[in-house]
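Peer 1: Just dropping this structure here.
The values are calculated or read from the model by the stated rules, or taken from the named source; none is laboratory data. The model shown is predicted, which means the values in this text are computed figures rather than measured ones. A quick note on method: Cβ atoms are made from the backbone with ideal geometry, for glycine too, and the neighbour counts reach across all protein chains shown. What goes into the accessible areas is simple: the full protein's heavy atoms, side chains included, and nothing from ligands, DNA or RNA. Shrake-Rupley method; radii C 1.70, N 1.55, O 1.52, S 1.80 Å.
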Amino acid sequence: MDGSLFFSLPYWDALTDEERRLVEENTRLLRFPKGALVLSGGDCLGLVAVRTGALRAYLLSEEGREVTIFRVAQGESCVLSATCVMSQITFETHLEAAEDTELLVLGSGTFGRLTEENIHIRCFLYEMAAERFSQVLWVMQQILFMGFDRRLALYLSQACRRTGGTVLKLTHEEIARDLGSAREVVTRMLRRFSEEGLVRLSRGSVAVLDLAGLERLGQ
């Protein structure tokens, strides 16, 4: 198993030979097609590293409305998939494959054992959790205190930076899901942006015409 992503994590040099063997022997490769559910609610998968593709983490309301809280890109890892190792985490996070994705997974049992025995891994665990919580709080801040025009402008400009292009293959339904809004609200605001010359709308995509303008609006 090629676990090189795990080998490059900050704690690797601090592991004993036995602990490194445990990581190597208990790392598995999982593949998920785009849109597949990787983790549901209170499930505990273990430490996850994205080998190829990307993950979308989201919260799900009782009414079935989703809001994206962060993404895990290729080469990045996520510890919120190992919530059973952190008793302090009480909310349920869902993970979905945002693209066809390959994951390296260090099982929760092994990861939990290493966390208990090695202070460096424990520090890594809580540093990563703190980083993800910061992203969650930023999303909550947007929802609570930003107008929807600013949120949508920020979302589109960040999507351009993430993909490196200005034509975003996104439907209004997908944008609404990511922002925890209704499709009708997204459509209405995108039409306004189109009238202002910020974007051009096509079926299944949004072309950003004025990225600087969107960035100013999102500030």
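Peer 1: Search region 189-213 for residues being hydroxyl-bearing (Ser, Thr, Tyr) and not in a helix (DSSP H, G or I), and hand back the single one that is nearest to Arg151 (Cα to Cα).
Peer 2: Going through region 189-213, the residues hydroxyl-bearing (Ser, Thr, Tyr) turn out to be 194, 202, 205.
When the remaining residues are screened for being not in a helix (DSSP H, G or I), the result is 202, 205.
Numbers: Ser202: 21, Ser205: 18 Å.
Among those that are hydroxyl-bearing (Ser, Thr, Tyr) and not in a helix (DSSP H, G or I), it is Ser205.
Peer 1: Still on this structure, I have one more. If you check every pair at least six apart or on different chains, which have Cβ atoms under 8 Å apart with a residue in region 11-26 that is in contact (Cβ under 8 Å) with a residue 40 or more places away in the chain first and a residue that is of a type in the set (Val, Ile, Thr) and surrounded by 15 or more Cβ atoms within 10 Å (Cβ to Cβ) second?
Peer 2: Tyr11/Ile121; Ala14/Ile121; Leu15/Val23; Leu15/Ile121; Leu22/Thr110; Val23/Thr110; Asn26/Thr110
Peer 1: Right, here's the next one. Please give the number of the condition Thr83 fails out of (1) crowded, with 19+ Cβ neighbours inside 10 Å; (2) at positive phi; (3) at pLDDT below 80; (4) not aliphatic (A, V, I, L, M).
Peer 2: Unmet for Thr83, out of (1) crowded, with 19+ Cβ neighbours inside 10 Å; (2) at positive phi; (3) at pLDDT below 80; (4) not aliphatic (A, V, I, L, M): (2).
Peer 1: Considering each residue of region 147-169, count those that are open to solvent by 30 Å² or more (accessible area, probe 1.4 Å) and either in a loop (DSSP other than H, G, I, E, B) or in contact with a strand residue (DSSP E or B) (Cβ under 7 Å, 6 or more places away or on another chain) (or both), and give that number.
Peer 2: So the count comes out to 5.
Peer 1: Report yes if some residue within region 8-27 is over 17 Å from Leu104 (Cβ atoms), open to solvent by less than 70 Å² (accessible area, probe 1.4 Å) and at pLDDT 90 or above; otherwise report no.
Peer 2: no
Peer 1: Would you pick out the residues in region 31-45 that are at pLDDT below 85 and buried (at least 16 other Cβ atoms within 10 Å of the Cβ)?
Peer 2: Asp43, Cys44, Leu45
Peer 1: Let me ask something additional. Please find, among Glu99, Glu116, the residue that is closer than 17 Å to Tyr11 by Cβ and modelled with pLDDT of 85 or more.
Peer 2: That would be Glu116, the only listed residue that is closer than 17 Å to Tyr11 by Cβ and modelled with pLDDT of 85 or more.
Peer 1: Going by the structure shown, is Arg200 touching a residue at least 40 places away in the same chain (Cβ under 8 Å), open to solvent by 70 Å² or more (accessible area, probe 1.4 Å) and more than 22 Å from Glu99 (Cα to Cα)?
Peer 2: Criteria not met by Arg200.
Peer 1: Now a separate question. So, in region 104-144, exactly how many residues are surrounded by fewer than 17 Cβ atoms within 10 Å (Cβ to Cβ), within 20 Å of Leu55 (Cβ to Cβ) and charged (D, E, K, R)?
Peer 2: 2
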